[in-house]
1. What's the FRET efficiency of residue 56 with residue 9 using the Cβ-Cβ distance as r and R₀ = 25 Å, to the nearest 0.05?
2. Compute the length gained on full extension between residue 72 and residue 22: take 0.36 nm times their separation in residues and subtract their Cα-Cα distance, giving the result in nm to one decimal.
3. Tell me the label only: which of [x] 52, 49, 29; [y] 55, 31, 31; [z] 56, 38, 22 is Cα extents along the principal axes in Å as calculated from this structure?
4. May I ask you to derive the relative contact order of the chain, considering only C-alpha pairs under 8 Å and at least 6 residues apart, and to give it as an integer percent?
5. List the Cys residues of the chain that have no partner Cys with a C-beta closer than 4.7 Å.
6. Given the -39500 (n - 2.57) contribution per DSSP H run of 4+ residues, what per-residue ellipticity at 222 nm results for the chain, rounded to the nearest 500 deg cm²/dmol?
Amino acid sequence: MNAAPHILARIAGLLAAAAPDERGALWHLAEPGRELDANLVRLPPGAEVGEHQEDVLDVLLVVLAGAGSVRAGDGQVLDLAAGAVLWLPRTSRRALAAGPDGLTYLTAHRRRPGLAIKPPSGAYEGGEEPCMLDRVCPECGRLSQDPAPVFCSRCGERFPER
């Protein structure tokens, strides 16, 4: 049986239903069997998503409301406003900052493969592997590739202080 297209969400309704101070991922694509991930993210005025790097996936970011800026790893600053479509190539370093009216955007990228239990490699000598719970975002559950994450690259949530 072929899958049929259907409406997953109405952005205006999601934004209207969110508390005024709610930040981070307001919605994410959760359909089973999908090959795509998407997130609706809102940053309040002056909030930032610290510098980070996505090593595996290209990300498309579409600004829906508000304004802000993205600072690239080379120091270049790009102004963002409603309607801007930004390509964040894999391996690029970037940081986002919301302007005085906040910043609401939609991201889309290829779905990450799920976490899998793998047999130990030849270099592994036994015992338990290190716990990585401090690298799991408390908001959206994404495992950060950064060994000392400050902000989640998916939803923008700040990791707890270590």
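1. Numbers: r = 25 Å, r/R0 = 1.02.
Computed FRET efficiency for residue 56 and residue 9: 0.50.
2. 15.4 nm
3. Checking each listed value against the structure points to [x].
4. 25 percent
5. Taking the Cβ cut-off of 4.7 Å, the unpaired cysteines of the chain are 131.
6. It lands at -1000 deg cm²/dmol.
Where a number appears in this text, it was derived from the coordinates with a stated rule and is not lab data. From a predicted model like this one, the values you see are computed outputs, not experimental measurements. Note: ideal-geometry Cβ built from the backbone for every residue, glycine included; neighbour counts use all protein chains shown.
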